[in-house]
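*Asks:* Following this message is one structure expressed as structure tokens.
Every read-out reported here was derived from the displayed coordinates using simple, explicitly stated rules and does not represent laboratory data. Keep in mind the model is a prediction, meaning the values are calculated, not measured. We place every Cβ from the backbone using ideal geometry, glycine too, and count neighbours over all the protein chains shown.
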Amino acid sequence: MYQDIKSSVKYKNKISATFPCVRQGENLSPLLFALYLNDLEAFLLDHDCKGVQTEYYGNELLNYLKIFVLLYADDTVLFADNVKNMNIMLNAFGEYCTLWKLNVNINKTKLVIFGSRGQSNATFSLLNRDLEICDSYNYLGVVFSKGCSFAQAQQRIKNQASKALHLLYSRIHNLNLPIDCQLKLFDHTILPILLYGCEIWGFGDLSPIETIHNQFLRNILKVKKSTPLYMLYGETGRYPLSIYIKHRMVSFWIKMISGKVGKYLLLLYKSLLINDVNHTNKWLITIKNTLTDCG
């Protein structure tokens, strides 16, 4: 079926001759697209784009890191530290797209001004079209909010898990499955939804996530809402999801600090350590407290 894939290009109501191509969903597609955009960062630099700058310590020296753009498959994120620099960035990006004949879906292109105060009158445009300024944006399945809170991300995950859970209920009740099989189905279908991205949002109030798990346990055990949680966990051999979340956060932290020296993630972590002068960062506090509790 996929041995001899052919495509053609339609341009100005004319269709080109067919040529070999990769199939829809092919793993090679994002790699080829990344290679095609390989010079984007250099192009932005040449057009006086500033990006965002942060600092970190490396080899006992203070280093500076500038981030202009993040690329993942065909998703592109541009960074700037003020309105003027963002408009410069958008103009340069528009020129790049025009140069290489890239079409941008303006309807899906949004801006989020993190920690914005007094920016309500700011306007942005790309390719002569105004862009919408949003309070939050869903990037790769995680909602990032301008207030730097992950409450909306957790709520979205809860809503997705609730929909999937209703479908699971209908199936397990029709099949009259034993409890151990129901728990396995939950772990394979609902738990991945609940824990998606928890490595970065797993601090603070986890009650929206815990609620889904606890509702499921009460449903399969057919007990009242007033039944204590310790009885639910004891009867099923389960634990609060916060334990799984903290485990994944610490595992993520270990992989990060033991990874490649020049990796963005590690450099930004070092920058976070420098800037958290008052030791108020909730993510860092959660990692520290978890390690302390474990001895």
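*Asks:* So what are the ³J(HN,Hα) numbers for segment 145-153, from phi and the Karplus equation (6.51, -1.76, 1.60; θ = phi - 60°), rounded to whole Hz, Gly and Pro as x?
*Replies:* Along segment 145-153, the couplings run 10, 5, x, 6, 10, 9, 4, 5, 5 Hz.
*Asks:* Count the net charge of all other residues whose Cβ sits under 15 Å from the Cβ of ASP276, scoring Lys and Arg as +1 and Asp and Glu as -1.
*Replies:* On the way: positive: LYS270, LYS282, LYS288; negative: GLU55.
Cβ neighbours under 15 Å give a net charge of +2.
*Asks:* Still on this structure: Amide H to amide H under 5 Å from SER125: which residues, 5+ apart in sequence or cross-chain, H placed 1.01 Å off N in plane?
*Replies:* Hits under the 5 Å cutoff: LEU131.
*Asks:* How large is ³J(HN,Hα) for each residue in segment 286-295, as worked out from phi by the Karplus curve 6.51 cos²θ - 1.76 cosθ + 1.60 (θ = phi - 60°), to whole Hz, x for Gly and Pro?
*Replies:* Rounded to whole hertz, the list is 5, 4, 4, 5, 5, 5, 5, 5, 7, x.
*Asks:* Here is a follow-up. Counting only other residues whose beta carbon sits under 15 Å from that of THR286, what net charge do I get with K and R as +1, D and E as -1?
*Replies:* Details: positive: LYS246, ARG248, LYS282, LYS288; negative: GLU199, ASP205, ASP276, ASP293.
That works out to 0.
*Asks:* Ok, one more. Can you pick out the pairs among LYS66/LYS270; LYS66/LYS110; LYS246/LYS282 whose Cα atoms lie more than 18 Å from each other?
*Replies:* Details: LYS66/LYS270 14 Å; LYS66/LYS110 22 Å; LYS246/LYS282 13 Å.
Listed pairs above 18 Å: LYS66/LYS110.
*Asks:* Further question: Counting helices only, and only those DSSP H runs with n ≥ 4, report the 222 nm mean residue ellipticity of the chain as the sum of -39,500 (n - 2.57) divided by its residues, in deg cm²/dmol to the nearest 500.
*Replies:* Values: 12 runs with 141 residues, N = 295.
The per-residue figure over the chain is -15000 deg cm²/dmol.
*Asks:* Given Cβ point charges of +1 (Lys, Arg) and -1 (Asp, Glu) and nothing else, what value in debye, to the nearest 20, does the dipole of segment 150-295 about its Cα centre take? Walk me through the numbers on the way to the answer.
*Replies:* Details: 18 positive and 8 negative charges, 51 e Å.
Dipole about the Cα centre, nearest 20: 240 debye.
*Asks:* Can you work out the Karplus-derived ³J(HN,Hα) for every residue in segment 258-271? Use 6.51 cos²θ - 1.76 cosθ + 1.60 with θ = phi - 60°, whole Hz, and x for glycine or proline.
*Replies:* 9, x, 4, 4, x, 5, 3, 4, 5, 5, 5, 5, 5, 5
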